[in-house]
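Data first, discussion second: the structure below is written as structure tokens.
The values are calculated or read from the model by the stated rules, or taken from the named source; none is laboratory data. Fair warning: this is a prediction, and the values are worked out from it, not measured in the lab. Quick reminder, even Gly has a Cβ in these numbers, built from the backbone with ideal geometry, and neighbours come from all protein chains shown.
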Amino acid sequence: MTIRHLAAGASGYVVKKSADSELISAITAVHRGQMFVDLASSSGAIQEALLNRPSKEPSRSGDPRSLLSQREKAVLTLVAQGYTNQQVADRLCLSVKTIETYRMRLAEKLGLRTRADLTRYALEIGLIGPGKFPHEASSV
């Protein structure tokens, strides 16, 4: 990993010579959504990159759809159309666990909590609305 990766938003940094326990701590922290950087062995340049990294907070300026990847938009659209996680997984050829992870990331990225919140957001940005529901929604 380089300074460029941290500045772009990487969640962790551990040097190769770190102890096993340090690596486990890093993995645990990143898994919890926290950042982990071994500051004791990192350079001043790395610390500066951390200070200058872009915020992960969603920006409400500009097109809100630009916050989402194509896959996130697809998951959000299907969830907002009322499909279950299993149905979304089947339609996108993914596992249910992957869909749950996408939903969690969408909620975190957008600052939303419930399926209803996600649906309202999808309506607001035009992913769903009149004429955008599939005709076969009940057959899936």
Problem - Any hit, the range 45-68, residues being modelled with pLDDT of 80 or more, surrounded by fewer than 15 Cβ atoms within 10 Å (Cβ to Cβ), of a type in the set (S, T, N, Q) and part of a loop (DSSP other than H, G, I, E, B) - result: no
Practice task
Just give me the residues in the range 69-93 being in a loop (DSSP other than H, G, I, E, B) and at pLDDT 90 or above, in sequence order.
Solution key: Gln81, Gly82, Tyr83, Thr84, Cys93
Problem - Residue ID - surrounded by the fewest Cβ atoms within 10 Å (Cβ to Cβ), chosen from residues in the range 1-20 that are at pLDDT below 65 and not hydrophobic (A, V, I, L, M, F, W, C) - result: Arg4
Fill in the blank from the handout: By residue number, the members of the range 100-126 that are closer than 17 Å to Gln70 by Cβ, in a helix (DSSP H, G or I) and of a type outside the set (A, V, I, L, M) are Thr101, Tyr102, Arg103, Arg105, Lys109, Tyr121
Fill in the blank from the handout: Every listed condition ((1) within 18 Å of Leu68 (Cα to Cα); (2) modelled with pLDDT of 90 or more; (3) not hydroxyl-bearing (Ser, Thr, Tyr)) holds for Lys97 save (1)
